[in-house]
C-alpha cells in the first residue's frame, strides 16, 4: 500500500511539473510513442496508449495546433493518415524528459536509485516466473 500511495504522490508531482510546460503525462506518453515509432497510424497509436481512436483525435489535433506533431497522408479513400513528431515536438519531449530527470534527482538519492533498480529487477524477475508457471 505504501508503494501505491507513494507512486500516486510522485505521479501528481510530475503531472504538476509537466503542466508548467503545457504537457500532461498522457501527452508525454504519446510524444514518446511517436519518437519510438515515427509514422505510426492513429489506430496503432491509440492501441499503444490504451485509448480509443475517437479519444485520440482531439489530443492529436491539440498537439498539431501547438506544433508538436504533424499528420501525413490520409487523403484518399481507405488511406490512413500517419502521425510524426515535428522538430518542436522533439524539443518539447527532450525538455519534459530533462524536467522529469531533475525531479527524479530531487526525490531519490544516489543510493536509493541503486536500491530501486535492484527492487524493480527482482519484481520483474518474479513476474516473469509467475507468468511462466501460470502459462504451463
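Divide the volume of the convex hull around the Cα atoms of the range 2-109 by the residue count and you get 109 Å³ per residue.
For the chain, what relative contact order do you get, as a whole percent, if you take Cα pairs closer than 8 Å and at least 6 residues apart?
21 percent
Against the chain, whose longest principal axis comes from its Cα atoms, helix 110-134 is set at around 80 degrees. For the pair residue 35 and residue 12 in one chain, pulling the backbone fully straight at 0.36 nm per residue adds 5.9 nm over the alpha carbon distance. Once the Cα-Cα distance is subtracted from the 0.36 nm per residue extended length, the residue 126 to residue 112 segment shows a gain of 3.0 nm.
Taking Cα atoms only, the orientation of helix 25-36 departs from the longest principal axis of the chain by about 70 degrees. A Förster radius of 25 Å, combined with the Cβ-Cβ distance separating residue 19 from residue 48, puts the computed FRET efficiency at roughly 0.65.
Axis of helix 2-19 versus longest Cα principal axis of the chain: the two differ by about 40°, to the nearest ten degrees.
Read-outs: derived from the displayed coordinates by stated rules, not from any lab. All values reported here derive from a predicted model rather than from experimental measurement. Note that we place each Cβ from the backbone using ideal geometry, even for glycine, and neighbour counts take in every protein chain shown.
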